[in-house]
Amino acid sequence: MAILIEVAISTLADAQAAHAGGADRLELSSALELGGLTPSLGTLDLIKEAVALPVVAMLRPRPGGFVYSAAEFLTMQRDADFLLAHGASGLAFGFLNGDRSIDLPRTSELLRQIGSSCQVVFHRAFDLTPDPLAALNSLIDCGVTRILTSGQQPTAPTGADLIRRLIQHAAGRIEILPAAGITPANAAALIAQTAATQLHGSFSETLHGLAHPVCNADYRFTSVRLVAATRAALLDVAVTTGPASG
């Protein structure tokens, strides 16, 4: 099987472009420029109607860090119910304590709420944890499906050493999904360095809209060309690294 490619998207057009380029799974967020926030149900509905790919929806009620108030946690719980009812295949979230360790009570509570019918992804809040192997063990014990990580570096290629260690330590008990800074030019090398079976990226380009000075006029969109080029770059390494997870 080929290496699995997950594309971070925010619109129906992004989803269609990712699908056309050869993506295997989508991660849907709003406001990707802020690291991704909870998407609209209307966008999720349209994507599910138009594209036959699994959609993991972001659960993040605001920008900033990952220590949430009681009200914010309640919002995430309510959003989780709505997103799953509207067809999300999985949910991505991350809860930390003030010392950046995993907030295990809230992680476990949300997992109990959503049950075993969907994939559960702990997003790049993981990259802030002070002891990544201890955090990995905790998330395995909680029953998390997958961890999104750049290896605690700004990009996955620079964090490749830790990503490799995480994959080795996980030993198939949890999926490790490298993310950040992945391009057609470095995707194959990252797979070779880490033995990852899946990759995550926005694979996007930027347009300049007619919004200045009201707001930032630049906005990103998923590029069919970049998704397809990444897929092509991974063809030669798919056989040697084994089947994709997910």
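The values are calculated or read from the model by the stated rules, or taken from the named source; none is laboratory data. Everything numeric in this text was worked out from a predicted model, so none of it was measured. Please note: Cβ atoms are built from the backbone with ideal geometry, for glycine as well, and neighbour counts cover all protein chains shown.
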Looking at PHE73, PHE93, PHE82, which one is closer than 16 Å to HIS123 by Cβ, surrounded by fewer than 18 Cβ atoms within 10 Å (Cβ to Cβ) and among the hydrophobic types (A, V, I, L, M, F, W, C)?
-> PHE73
Considering residues that are surrounded by fewer than 20 Cβ atoms within 10 Å (Cβ to Cβ), touching a Pro at 6+ places or on another chain (Cβ under 6 Å) and hydroxyl-bearing (Ser, Thr, Tyr), the number found within the range 1-49 is 1
Matching residues, the range 38-60, being under 12 Å from the mean Cα position of the chain (by Cα) and either part of a strand (DSSP E or B) or acidic (Asp, Glu) (or both) = VAL55, VAL56, ALA57, MET58
Please determine, by comparing only the residues of the range 108-147 that are over 23 Å from ARG78 (Cβ atoms) and among the hydroxyl-bearing types (Ser, Thr, Tyr), which one is surrounded by the most Cβ atoms within 10 Å (Cβ to Cβ).
-> THR129
Scanning the range 157-181 residue by residue, the ones that are without any contact (Cβ under 8 Å) to a residue 40 or more places away in the chain, of a type outside the set (Ser, Thr, Tyr) and part of a loop (DSSP other than H, G, I, E, B) total 7
Within the range 32-91, restricting to residues that are among the hydroxyl-bearing types (Ser, Thr, Tyr) and out of contact with any Cys (no Cβ under 7 Å at 6 or more places or on another chain), the one that is nearest to ILE102 (Cα to Cα) is TYR68
Confirm whether PRO154 is in contact with an Asp or Glu (Cβ under 8 Å, 6 or more places away or on another chain), at pLDDT 95 or above and either among the charged types (D, E, K, R) or surrounded by fewer than 18 Cβ atoms within 10 Å (Cβ to Cβ) (or both).
-> no
